[in-house]
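The values are calculated or read from the model by the stated rules, or taken from the named source; none is laboratory data. Since this is a predicted model, take the numbers as computed values, not measurements. Don't worry about glycine lacking a Cβ; one is built from the backbone with ideal geometry, like all the others, and counts go over all protein chains shown. The accessibility values were calculated without ligands, DNA or RNA, using every heavy atom of the protein model including side chains. Shrake-Rupley method; radii C 1.70, N 1.55, O 1.52, S 1.80 Å.
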2 protein chains.
Amino acid sequence: MNEKLKQLNNIQKELALYNSISSVVAWDQETYMPSEGISGRFEQMAFLRKKSHEIMISDDFFQLAEELSKDSSLSEIDRTMVKRLYEDILDSKKLPSEFVEKFSKYASLGCEAWKKAKDENDFQIFAPKLKVLVDLSREKAKYVGKPGHPYNSLLHGFEEGMTVDKLNETFSYIKPRLKKLLDDILASDTHKNYVDPNITITPENQKKAYEKLAQWMLMPQNRFRIDTSAHAFTTKIAADDVRITTRIEPLPFNSLLKVAHEAGHARYDLGISKDFQYNALEGISSLGMTESQSLFYENIIARGLPFWKKYFEQYKALCNLNGVSLETWFAYLNKINPGPVRLESDEVTYSLHIILRYEIEMELMNGDIEVEDVARRWEEKSLEVLGVKPESDSRGVLQDIHWGWGMFGYFPTYAIGAIYSTQLLDAIQKENAQAIETCDYSFINTWLHENIHKHGRCFTSETLMKNCCGEGLNPTMYVNYLEKNIVIYIKFDY
Amino acid sequence: MNEKLKQLNNIQKELALYNSISSVVAWDQETYMPSEGISGRFEQMAFLRKKSHEIMISDDFFQLAEELSKDSSLSEIDRTMVKRLYEDILDSKKLPSEFVEKFSKYASLGCEAWKKAKDENDFQIFAPKLKVLVDLSREKAKYVGKPGHPYNSLLHGFEEGMTVDKLNETFSYIKPRLKKLLDDILASDTHKNYVDPNITITPENQKKAYEKLAQWMLMPQNRFRIDTSAHAFTTKIAADDVRITTRIEPLPFNSLLKVAHEAGHARYDLGISKDFQYNALEGISSLGMTESQSLFYENIIARGLPFWKKYFEQYKALCNLNGVSLETWFAYLNKINPGPVRLESDEVTYSLHIILRYEIEMELMNGDIEVEDVARRWEEKSLEVLGVKPESDSRGVLQDIHWGWGMFGYFPTYAIGAIYSTQLLDAIQKENAQAIETCDYSFINTWLHENIHKHGRCFTSETLMKNCCGEGLNPTMYVNYLEKNIVIYIKFDY
C-alpha cells in the first residue's frame, strides 16, 4: 500500500476516534450524567475538541492530503476520499484560529444570552450578542468566499453547493402554494368541526410504543438504542452503534414521531459503507439529505394512513386507547393548526416556519433590518407567513437556539430535507408502487440504503438526488404530496 | 508558580483526562452500549489506553518529575504529589514495554480461556494459559524487585507496603478462629432449625429499594447514579460524577447489598479532596482501603441490625414483603451457610475464601504445586478451609476471573478490607458509641471522609490507619466483631 496513504489513514483514524469518543461523552452528558458532573464534563469535551482540532490543523496532515490529492496512482475510491478530506482541511484553514476562537466564544455567550432572554421572555437581552454573531457570520462568509451572495458561504457548511438563487426559486414556488393550501384547510368543515379527543398516554406506554415502532420499522436491535433527553437527537458512536433520543411531551404522539424521525437519521448513519470507517467518507452527504431521511420516516411513514391501518390496533392495545377509533387517532395526529412554534407545527406549515426564518436571516445578512428590529419583524412575518402572531418573544423570535449558536444558513436544510423526502418517495413508488401502501419497510429501507446511505460522503446531495431521482432539488413533488395528503385530512377519505 | 511544576501539572491533567474519558467509555460499554458496538468500542479503548501510556512513558514527564522530586522549594503538598507521581513513573518504567505488551496479550488470552473453561466446566482448558501467566507473574516480581518474598512485589501493585510476612501473621490468626466460629454456628440449634423463608422481590421493587438505600445512606443525588450491569462495579468519571452498578440476582437482597458495597467505594471516590483534581494524589490509598469502605457499608451497616430496625418497615412496604417479620428477614440476610462460591458467601466464611486463594497463589509462586494440579488442590483446600467440596470446576477453581487477568496478589486485599473495616468501626465507636446503633450516617460519613477519603493518595493505608486507629493492620477487632455479630445471628438476640 502507498506509504503516504497509510500515514494519512492513520491520522484520519485518530481524528475519527477522537470524534467518536466525543460522541460517547456527549451522549452520556445528555442522557445519564449526574447533573453536578457538568464541570468535569466540560473539561473532557474541551480536551477532546482541542485534540481533534490539533490534528485537523496539523501541517503533516495537510501536506499528506495535498500530496495525495495529486497522486493519480490512487484507486478511484481513495481519490474521492482524499479529495473530500483535502477540501475539509482547506475549508478549516480558511478560518483563522483567532477567528474560530472568537466565534466559539461568542457562540457560548450567545447561547447563554438566548437562554436568559427566553426565560425572561425578552428579546433585547439576546440582541447585543446576536448582533455580534451576525457581524461575525458576515466576516465568516468573507473568509469562506463562495461565489455569489455571502449567504452562499454560510450555506456551504451545512448544504454543500446550495445557493441563495436556488433557495429563492424553491421557496417562492412553495410559499404561495402552501399558504393557499393552509387557507383551504382552515376554511374546510372538517377543520371547523374538529373536536380535540383529549387523549393521554402514560410515559411508560409511550415508551413501549416507540420501542415497538423501532421494531416495526426494522431498526437493528443490537446496533441501536433509544433513550430520553431534553431534546431529541441522533448520534453515531461507531459503525455498529448509533443512538437516538426522544422526549416525553404533553402531546402523547410526539415521543413516537420523534423516534420515527431520529430513526431515519440513525438508519442513514448505520447504513454508511464500512469501507469508509475512520476516513473522510464516513459521514452524511449534507444536513438536508439526512433531514430527508428523518422526515421520510416521520411524515411519510409514521404520520401516514397505511402505517396506522396496519399498526393502530397494536398501538391502541399498547397505549390503552380503548374506544379511540382509527379515524379519530389519524385526525388527531395530522391536525393542521397553524401556531407560532416550529416544533409544534404540522406538515403543511413546517416549511412556512423555515421560510420565515430564511427571509429574516437574508434581511439581516443584507443589512435590510437591524438586529434590534428582529423581534418586531418576526411578529410581522409570522402574521404574514403563518397567519398568527406569537404570544411572546419566547414562543416567537426566541423559540429556536440556532442563532444563539451563530448558525445562520442552517434552517433552510430543514425545508430541503422535506422536499427531498417527497422526491425520494416518488422515486421509490416508481419502482414499487405498493411499497408505502403495504408498509414494505424492508423494500424502502433497502432502497434508501442502496441509493443514499451506503455512499456516505462520496457524492454531494445534488448528485445523489440526480442519480436516484433524475434531478436535484425540485419542490413540485413536495407541494403535490402535501396537496394529496391534505385531501385525506380534509375529507377523511380513507 | 514554578514553571516546571506548571508543565508537570499540564501533562498530569492530560493523563487524568484520558483516564477519566476512558472511564466514561468503559462505563457505557458495561451499561448501555448496543452489543454490536463492541468492535468500535475496542478501537476507542485501545486508542485511549495508548494515548495515556504514551504520556506515562514520555521522557518529558519523567524528567520533570525527577527534577521536581529534588526541588525543596515546593510546598509540602506539592512535594507529596511529586513524590507519588515520580514513584508511579518509576514503577511503570521497571517493566519493559515488550514485557507489558506480552503480559497484556496473555491476560487477554487468559480471560478468553478462562471464560471457555468456565462455560465448559473444565479447568484444563484454562491451565496452559494460567501456566504462562504464573511464569510471567514470577518474571514481573523480579522486575518490580521489592525486598523479601517475590509475592511482595505482586502485592505492591495493589496494596503498597503489604508483605507476605504480614499476611501470614494475619491469616494465621484469622483462619483457626473463623473455622472455630463456623463450627459453632453449624452446631447451633438456630442453624439446624433454620427454614428458608423463600422470599422473592420483583426486579422493579429491588430497584426502588436500592435507590432508597442510597438515600438512607445519604449518597449525594446529583453526583452519583446507579445502573445495572453484568457485574457490579464503581467508576469515578469526575470529582462530582461517580457511578455504581448492581445486578439483579436470584437472592433478592443481593442487589441491595451490592449497592451498599459499591456506594462505599463511591463515597471514597467522591470524597477525595478537590485540591488533588487531575494529579497523582487524586486516587485511593490502596485496594484494601477502598474495600474497607465498601465492606463497611455492606456488612457493618446494610447487614446490621440497627439499620433494619430503623428501615425494615419502609423496605417491607417498598418490596411487598407482607407477613415477613424483621426476625425472619434479618436471619435470611445473615444466614451463615458455607458454600464453594466466594460471591455467595457470608461474613464469616468470606475471608476463608480469600485465605484459600492466597494459600494456592503462594504454593504456585513457590513452585510447590504445578498449574495442572491447581483444580485438585482447590478441592482439597476448599474441603479443609471451608468444609465443602465444589460441585464443579466452574463453581470451584474457575469461579473468579482474576487469574485469567494474571492478577496475583489481588485477592488478599479483600480480606485486608474486611479487617480494616472493623478497625475503623472500633475507632468510630470510640468517638461516638451510638453512631451505628442510631444509624447516624451523617456522623459516620463525615468521620470516614475526614480520616480516609479526603486524603486521596497522600498516605499509604498503613499510615492512614495508624493516624485514625492508632495501628496498622490488626485482625483482632475483625475476629471480635464476627464473634459478637454471630451471637446476634445464633441467638436472635435482639
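Among the residues of region B:223-234, which ones are farther than 13 Å from B:GLU211 by Cα and either away from chain A (no Cβ under 12 Å) or at pLDDT below 95 (or both)?
Across region B:223-234, the qualifying residues are B:SER229, B:ALA230, B:HIS231, B:ALA232, B:PHE233, B:THR234.
Has region B:35-43 got at least one residue that is within 14 Å of chain A (Cβ to nearest Cβ), touching a Leu at 6+ places or on another chain (Cβ under 8 Å), open to solvent by 20 Å² or more (accessible area, probe 1.4 Å) and in a helix (DSSP H, G or I)?
For region B:35-43, residues within 14 Å of chain A (Cβ to nearest Cβ), touching a Leu at 6+ places or on another chain (Cβ under 8 Å), open to solvent by 20 Å² or more (accessible area, probe 1.4 Å) and in a helix (DSSP H, G or I): present.
I want to confirm something. Restricting to region A:44-56 and keeping residues that are open to solvent by 70 Å² or more (accessible area, probe 1.4 Å) and of a type outside the set (Asp, Glu), which single residue is farthest from B:GLN277 (Cα to Cα)?
Going through the qualifying residues, I end up with A:HIS53.
Looking at region A:244-256, is at least one residue surrounded by 20 or more Cβ atoms within 10 Å (Cβ to Cβ), within 14 Å of chain B (Cβ to nearest Cβ) and among the β-branched types (Val, Ile, Thr)?
yes
Any residue in region B:96-120 that is within 16 Å of B:ASP393 (Cβ to Cβ) sitting within a Cβ distance under 6 Å of a residue that is of a type in the set (S, T, N, Q) and open to solvent by less than 50 Å² (accessible area, probe 1.4 Å)? List the pairs, counting only those 6 or more apart or interchain.
B:LYS118/B:SER394
So which residues in region A:170-199 are surrounded by 13 or more Cβ atoms within 10 Å (Cβ to Cβ) and either in contact with a strand residue (DSSP E or B) (Cβ under 6 Å, 6 or more places away or on another chain) or not hydrophobic (A, V, I, L, M, F, W, C) (or both), if there are any at all?
A:THR170, A:TYR173, A:LYS175, A:ARG177, A:LYS179, A:ASP184, A:SER188, A:THR190, A:HIS191, A:TYR194, A:PRO197
Only residues that are charged (D, E, K, R) and in contact (Cβ under 8 Å) with a residue 24 or more places away in the chain: list them for region B:212-228, please.
B:LYS212, B:ARG223, B:ASP227
Identify, please: which residue in region B:123-139 is touching a residue at least 40 places away in the same chain (Cβ under 8 Å) and open to solvent by less than 60 Å² (accessible area, probe 1.4 Å) and is, among those, farthest from B:GLY409 (Cα to Cα)?
The selected residue is B:PHE123.
Please go through region B:475-494 and give me each residue that is open to solvent by less than 40 Å² (accessible area, probe 1.4 Å) and either charged (D, E, K, R) or within 16 Å of B:ILE416 (Cα to Cα) (or both), ordered by number.
Residues satisfying the conditions are B:PRO475, B:TYR478, B:VAL479, B:TYR481, B:LEU482.
What residue, of A:SER285, A:SER325, is on the phi < 0 side of the Ramachandran plot and either open to solvent by 20 Å² or more (accessible area, probe 1.4 Å) or out of contact with any Leu (no Cβ under 8 Å at 6 or more places or on another chain) (or both)?
A:SER325
Of the numbered conditions (1) crowded, with 19+ Cβ neighbours inside 10 Å; (2) of a type in the set (Asp, Glu); (3) not in a helix (DSSP H, G or I), A:ASP368 fails exactly one; give the number of that condition.
(1)
Results for (1) within 11 Å of chain B (Cβ to nearest Cβ); (2) surrounded by 15 or more Cβ atoms within 10 Å (Cβ to Cβ), shown as yes or no for each residue.
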position: A:ASN2; (1), (2): no, no
position: A:SER20; (1), (2): yes, yes
position: A:THR31; (1), (2): yes, yes
position: A:ASP60; (1), (2): no, no
position: A:ILE89; (1), (2): no, yes
position: A:PRO96; (1), (2): no, no
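Would you confirm whether or not region A:413-429 contains a residue that is of a type outside the set (Gly, Ala, Ser) and surrounded by fewer than 16 Cβ atoms within 10 Å (Cβ to Cβ)?
Yes, there is a match, as at least one residue in region A:413-429 is of a type outside the set (Gly, Ala, Ser) and surrounded by fewer than 16 Cβ atoms within 10 Å (Cβ to Cβ).
So if I check each of A:LYS454, A:LYS466, which one is open to solvent by 30 Å² or more (accessible area, probe 1.4 Å), without any contact (Cβ under 8 Å) to a residue 24 or more places away in the chain and part of a helix (DSSP H, G or I)?
From the options A:LYS454, A:LYS466, the qualifying one is A:LYS466.
Among the candidates B:SER285, B:SER325, which residue alone is within 17 Å of the chain's Cα centre (by Cα) and of a type in the set (S, T, N, Q)?
Testing whether each residue is within 17 Å of the chain's Cα centre (by Cα) and of a type in the set (S, T, N, Q) leaves just B:SER285.
For the structure I just gave you, tell me whether A:ASP183 is part of a helix (DSSP H, G or I), in contact with a His (Cβ under 9 Å, 6 or more places away or on another chain) and free of Cβ contacts under 8 Å to residues at least 24 places away in the same chain.
It is false that A:ASP183 is part of a helix (DSSP H, G or I), in contact with a His (Cβ under 9 Å, 6 or more places away or on another chain) and free of Cβ contacts under 8 Å to residues at least 24 places away in the same chain.
Among the numbered criteria (1) within 23 Å of A:VAL348 (Cα to Cα); (2) polar (S, T, N, Q); (3) open to solvent by 30 Å² or more (accessible area, probe 1.4 Å), which one does A:ASN222 miss?
Failing condition for A:ASN222: (1).
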